[in-house]
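Peer 1: Got a structure for you, questions after.
The values are calculated or read from the model by the stated rules, or taken from the named source; none is laboratory data. Keep in mind that this is a model prediction, so the values were computed, not measured. Note that each Cβ is placed from the backbone with ideal geometry, even for glycine, and that neighbours are counted across all protein chains shown. For accessibility, only protein heavy atoms count, side chains too; no ligands or nucleic acids. Shrake-Rupley method; radii C 1.70, N 1.55, O 1.52, S 1.80 Å.
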Amino acid sequence: SDESFIAYAAAAPNLALIKYWGKRDSRLVLPLNNSISVTLDDQLMRTVTMATASPEFAEDFVELNGKPVEVTDRMRAVLQSLRQRCQRGQDLASWKVRVATRNSFPTAAGLASSSSGLCAFAVAVARLADTLRWLSTVARLGSGSACRSLFAGFAEWSAGQRPDGVDSTASQLASAGHWDLRVLVCVVGAGAKSAPSTQAMARTVATSSLLPARLSCLPDRLAAVREAVAGRDFASLAEMSMRDSNCLHAVCADTYPPVHYLTDASRAIIDFVHRLNEASGRVVLGYTADAGPNVCLLAQPADVHLAAGCLQRAFDIGQVVGDLGEAADNSKVPSDWAGDGSGGEGATARHRIESLLICRLGRGALDIPQAEAAAWFD
Ligand code: 2P0
């Protein structure tokens, strides 16, 4: 009808290098620690969302990839917060909303779909309500990690200290153009069904005696990452990312009952990275893994070709998507290097990597024009 409003948004998933794990307030989604992420390439991976408001809708309604999904309390919190700020008048604020969301990548593949999904949700509804202030807070109410996808390149989400959370916001640390970093996403396929991160992190806070040790070493690690980003120090960024990923999975193992995300294939990729770095005499790759079995590798552009070639020797790779780059000088790595010892002593079957996605860093949800999101949606 004439009496309806429509808005679009798109967001790419982000990958945390310093992880968010544990809340100080569950209802307001306030974290125990700052986290730092890179926003992935929206050309390769994105959520696109259309939001419509009309006086004719009886209920709020959300669908994902064409199928109705539950309107969660978190989504209701986002809608409520935007209704309160609506700049288009009281009529629209009282109308029900329909949100249709599409992922350009498998939701179940563990590719941080909550970060892009709830970020695009928040931006689309905020555009509907014509209010782009406080978006960090609004996106955070949908899912903590979503607030980092608002920004291109490198983002930091501050834990903040206030009980009302107004100081718990995300901001950009550096643009995507500041540092042409590449992320190689190794999709290893589902292992045992993973614990949802919201519940798992609550259990960690309630039971892990290692979590306080993690929190006490994070200020130094965060400072090291900020410095590595500012100075484009790859070896330092990669080492801090690997340490923080290992630390996350250690507190997950220390959770009672324990939380397991990594599989044998994930661990084989992690060991591969350390062997490759050792054989190369420098840090060629870093890695980081979230609440699932996939492992994301960090690389400089000149090493992508070498890294992918070594991965192909060591693993059974289904498909490679993205820009492999040019062969560069790889003289320090032996040409017969197998990485996981396959074919050597104690060899086992090569582990499977379903897809290897090679990404650049991408735009934040706020940088993607509404018209572009609308064109993607159709
Ligand atoms: C992160 N993860 O920093 C960490 C690392 C998973 C491992 O943010 O409860 O889906 O919705 O705020 O954002 C996953 O947690 O959790 C996550 P909620 P979210 O990316």
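Peer 1: List the strands (runs of 3 or more DSSP E) inside the stretch 139-255, counting only whole elements, that have at least 3 residues being assigned by the TED database to the domain that holds G22 and within 16 Å of the ligand (Cβ to nearest atom).
Peer 2: Correct list: 154-157, 170-174.
Peer 1: Among strands (runs of 3 or more DSSP E) lying entirely in the stretch 25-125, which contain 2 or more residues that are open to solvent by less than 40 Å² (accessible area, probe 1.4 Å) and not β-branched (V, I, T)?
Peer 2: Here the list reads 35-39, 47-54, 96-103.
Peer 1: Further question: Quick test for you: out of S171, S143, pick the one residue that is closer than 30 Å to G231 by Cα and open to solvent by 10 Å² or more (accessible area, probe 1.4 Å).
Peer 2: S171
Peer 1: Of the residues that sit in the stretch 291-307 and are more than 18 Å from I358 (Cβ to Cβ) and within 12 Å of the ligand (Cβ to nearest atom), which one is surrounded by the most Cβ atoms within 10 Å (Cβ to Cβ)? So that I can check it myself, show each step before the final result.
Peer 2: In the first step, residues of the stretch 291-307 are kept if they are more than 18 Å from I358 (Cβ to Cβ); the result is 291-293.
Keeping just the survivors that are within 12 Å of the ligand (Cβ to nearest atom) gives 291-292.
Values: A291: 23, G292: 21.
The qualifying residue surrounded by the most Cβ atoms within 10 Å (Cβ to Cβ) is A291.
Peer 1: What tally of residues in the stretch 11-24 results from selecting those that are within 16 Å of S114 (Cα to Cα), near the ligand (Cβ under 8 Å from one of its atoms) and assigned to a strand (DSSP E or B)?
Peer 2: Residues meeting the conditions: 3.
Peer 1: Then there is this: How many residues are at pLDDT 95 or above and either surrounded by 21 or more Cβ atoms within 10 Å (Cβ to Cβ) or of a type in the set (D, E) (or both) when one looks only at the stretch 187-210?
Peer 2: Summing the residues that are at pLDDT 95 or above and either surrounded by 21 or more Cβ atoms within 10 Å (Cβ to Cβ) or of a type in the set (D, E) (or both) in the stretch 187-210 gives 3.
Peer 1: Could you pull out the residue among A139, A129, A174 that is closer than 23 Å to D244 by Cα and of a type in the set (A, V, I, L, M)? If you could, list the steps in order and put the result at the bottom.
Peer 2: Working: A139 fails: closer than 23 Å to D244 by Cα; A129 fails: closer than 23 Å to D244 by Cα.
Answer to the check: A174.
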